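Undergrad: Sharing a structure, written as structure tokens. Questions coming.
The values are calculated or read from the model by the stated rules, or taken from the named source; none is laboratory data. Computed from a predicted model, the values in this text were never measured in an experiment. Here the Cβ is made from the backbone with ideal geometry for all residues, glycine too, and neighbour counts use every protein chain on show. Quick note on the areas: whole protein, heavy atoms, side chains included, nothing else; ligands and nucleic acids left out. Shrake-Rupley method; radii C 1.70, N 1.55, O 1.52, S 1.80 Å.
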Amino acid sequence: MTFGFAPSAASLNSADTVSRLGRTLEPSEWAAAGIPLLRNPREVVSGLHARHRPTPATAVVAVLDTEERLTASASFARRSVPADGWEFRNVLLAHLRRVIPHDLRRRTPVRTAVLLYCRDGDERWTEEDGAWMWGLRDACTLHGLRCGAYITLTHSGWQVLGEGRGGRRPSAGSHPVGLAEAEAEAEPSPPRTGGGAAEALRRAVAR
């Protein structure tokens, strides 16, 4: 005969919370990961916004070639579940597998995956952003891709997290423009102050 104690619901919930927090990346960890800088983030953001017209709680994962041309992309609504990098990794990987073959046979990744997430709130980093970062990095590893930029789209505009670059258009509430107009409007954006801009400039000079 054995004796023991069944774990309480509180302890199970606490363990689940600890696990989820372990599947997230802080801004400093993301900045130190060597994520390649986008040459023209405004062009990438405007193009994805025109193609997918994301609304809050919509994610857009895109694959770019070596010249930053869009190779494939997919958009999907975020499910109403707690932010968990493992769950985000699985859904990102599923959509990547649907739109583009893996590059696992290559010794070095050639194509780059970026993630645009449209959400409410301001441009400051959240735990949900950290979970998306963790999920994107892991999904790229499992699909043989380079992990690229994580971009948030809010009502105040767009922001490349960890780099400090962003702009006011497009935004979560802006009217989508046509692809031709989006490409015409796209131009290199100056770095914002703070939010990792100095780190981004140092990495750009180093390259």
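Undergrad: Please work out which one of (1) surrounded by fewer than 18 Cβ atoms within 10 Å (Cβ to Cβ); (2) of a type in the set (Gly, Ala, Ser); (3) more than 18 Å from residue 48 (Cβ to Cβ) is the condition residue 77 fails and give its number.
TA: (3)
Undergrad: Separate question: For residues that are hydrophobic (A, V, I, L, M, F, W, C) and in a helix (DSSP H, G or I), scanning just segment 80-89, find the one that is most open to solvent (accessible area, probe 1.4 Å). Let's see the steps before the verdict.
TA: Taking segment 80-89 and keeping what is hydrophobic (A, V, I, L, M, F, W, C), we get 81, 83, 86, 88.
Right, trim to in a helix (DSSP H, G or I) and you get 86, 88.
Numbers: 86: 111, 88: 8 Å².
By that ranking, first place goes to 86.
Undergrad: Turning to a different aspect of this structure: Pull out all pairs, ordered by first then second residue, where Cβ-Cβ is under 7 Å, the residues are six or more apart or on different chains, the first lies in segment 122-136 and is farther than 13 Å from residue 149 by Cα and among the aliphatic types (A, V, I, L, M), and the second is open to solvent by 40 Å² or more (accessible area, probe 1.4 Å) and assigned to a loop (DSSP other than H, G, I, E, B).
TA: Listed by first residue and then by second, the contacts come to 131/23.
Undergrad: Let me ask you something else. For segment 90-110, state whether one or more residues are open to solvent by less than 70 Å² (accessible area, probe 1.4 Å) and basic (Lys, Arg).
TA: To start, the set of residues in segment 90-110 that are open to solvent by less than 70 Å² (accessible area, probe 1.4 Å) comprises 90-96, 99-100, 103, 109-110.
Filter once more, keeping what is basic (Lys, Arg): none.
No, segment 90-110 contains no residue that is open to solvent by less than 70 Å² (accessible area, probe 1.4 Å) and basic (Lys, Arg).
Undergrad: Could you tell me which residue of segment 49-83 is nearest to residue 118 (Cα to Cα), considering only residues that are among the basic types (Lys, Arg) and modelled with pLDDT of 95 or more?
TA: So in segment 49-83, the residues among the basic types (Lys, Arg) come out as 51, 53, 69, 78-79.
Subset that is modelled with pLDDT of 95 or more: 51, 53, 69.
Numbers: 51: 14, 53: 10, 69: 21 Å.
Taking the candidates together, the pick is 53.
Undergrad: For segment 102-207, which helices (runs of 4 or more DSSP H) that fit wholly inside it have 2 or more residues that are at pLDDT 95 or above? Talk me through it step by step, then tell me what you get.
TA: Working: elements: 127-143, 179-185, 197-206.
Correct list: 127-143.
Undergrad: If residue 67 passes every condition in (1) among the acidic types (Asp, Glu); (2) touching a residue at least 24 places away in the same chain (Cβ under 8 Å); (3) surrounded by fewer than 19 Cβ atoms within 10 Å (Cβ to Cβ) but one, which one does it miss?
TA: Condition not satisfied by residue 67: (2).
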